[in-house]
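*Asks:* Sending over a structure as structure tokens; questions will come in a sec.
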Amino acid sequence: MTELLFKVIIIGDPFVGKTSFVQKYVSNTFRKDYKMTIGVDFALKVIRWSHKYNIKLQLWDIAGQERFTSMTRVYYKDAHACLIMFDLTQKSTFQNTVRWKRDLDQKCNLVDGSPVPCLLLANKCDDIEHREVTQEEIEELCKEFNFLGWSETSVKDGLMIEESMGFLLEEMMAKH
Ligand code: GDP
Ligand code: MG
């Protein structure tokens, strides 16, 4: 049995659902009350990938207010993959994903020099009434800024969380 350690970071504006996502994925809980993240939270999940591989997945969850400072460089260091999340009901958080992607690409690469594989997550898809971003807009931005792909998610309803992480894990396994 081989054990692999993968570091995955999750970034994006405050309040989009990053901490909720990590908690839901790792411990299957969801809190409606907002708890602001201070500093960095770590979560660890051990995955039995196959009869050959165990994956130790380290999820790094940063506080949104530390964005675009020298702090993020430390946070990005040695990441194998990245999730950039926005809130479908807050257009500005969608527009800011471009800044997050640039910040990441400027400060961090994989060991072979290639960009860190990055998945775009459009969270809060359960809140249809307040939706401010169309699928076409996401598709376009995703292509223009070289995301691996994108998915709508609802951490609240538990939609596309396993699938998104599974997609990223496949990518990391293919590259390892
Ligand atoms: P962070 O600042 O990005 O870490 O965001 P949080 O995880 O703290 O979530 C911010 C707020 O959004 C909280 O009140 C969550 O309950 C709420 N939230 C997170 N995910 C969803 C979702 O999928 N749908 C809805 N409607 N609310 C969500
Ligand atoms: Mg948070």
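The values are calculated or read from the model by the stated rules, or taken from the named source; none is laboratory data. Small disclaimer: the values here were computed from a predicted structure and weren't measured. Don't worry about glycine lacking a Cβ; one is built from the backbone with ideal geometry, like all the others, and counts go over all protein chains shown.
*Asks:* Tell me yes or no: at least one residue of the stretch 69-77 is hydrophobic (A, V, I, L, M, F, W, C) and modelled with pLDDT under 95.
*Replies:* Yes: one or more hits.
*Asks:* Please name all residue pairs, on different chains or six or more residues apart, with Cβ atoms under 6 Å, provided the first residue is in the stretch 1-29 and is in contact (Cβ under 8 Å) with a residue 60 or more places away in the chain and the second residue is away from ligand 2 (no atom under 15 Å from the Cβ) and charged (D, E, K, R).
*Replies:* Pairs that qualify, where the first residue is in contact (Cβ under 8 Å) with a residue 60 or more places away in the chain and the partner is away from ligand 2 (no atom under 15 Å from the Cβ) and charged (D, E, K, R), are Lys7/Asp78.
*Asks:* Within the set of pairs 6 or more residues apart or between chains, which connect a residue that is free of Cβ contacts under 8 Å to residues at least 24 places away in the same chain and closer than 15 Å to Pro117 by Cα inside the stretch 141-154 to a residue that is surrounded by fewer than 19 Cβ atoms within 10 Å (Cβ to Cβ) and not hydroxyl-bearing (Ser, Thr, Tyr) with Cβ atoms less than 8 Å apart?
*Replies:* Cys142/Gly149
*Asks:* Exactly one of (1) within 15 Å of the chain's Cα centre (by Cα); (2) at pLDDT 90 or above is unmet by Asp61. Its number?
*Replies:* So Asp61 meets the others, but not (2).
*Asks:* Could I ask something else about it? Read through the list (1) more than 16 Å from ligand 1 (Cβ to nearest atom); (2) of a type outside the set (Ser, Thr, Tyr); (3) out of contact with any helix residue (DSSP H, G or I) (no Cβ under 9 Å at 6 or more places or on another chain), then give the number of the only condition that Asn96 fails.
*Replies:* All conditions are met except number (1).
*Asks:* Still on this model: Looking only at residues that are out of contact with any Leu (no Cβ under 7 Å at 6 or more places or on another chain) and more than 10 Å from ligand 2 (Cβ to nearest atom) in the stretch 26-39, which one is modelled with the highest pLDDT?
*Replies:* Residue satisfying both the conditions and the ranking: Ser27.
*Asks:* Quick one: how many residues across the stretch 109-119 are more than 15 Å from the chain's Cα centre (by Cα) and within 15 Å of Lys7 (Cβ to Cβ)?
*Replies:* Of the residues in that region, 3 qualify.
*Asks:* Look at Asp78 and say whether it is at positive phi, in contact with a strand residue (DSSP E or B) (Cβ under 9 Å, 6 or more places away or on another chain) and in contact (Cβ under 8 Å) with a residue 12 or more places away in the chain.
*Replies:* Yes, satisfied.
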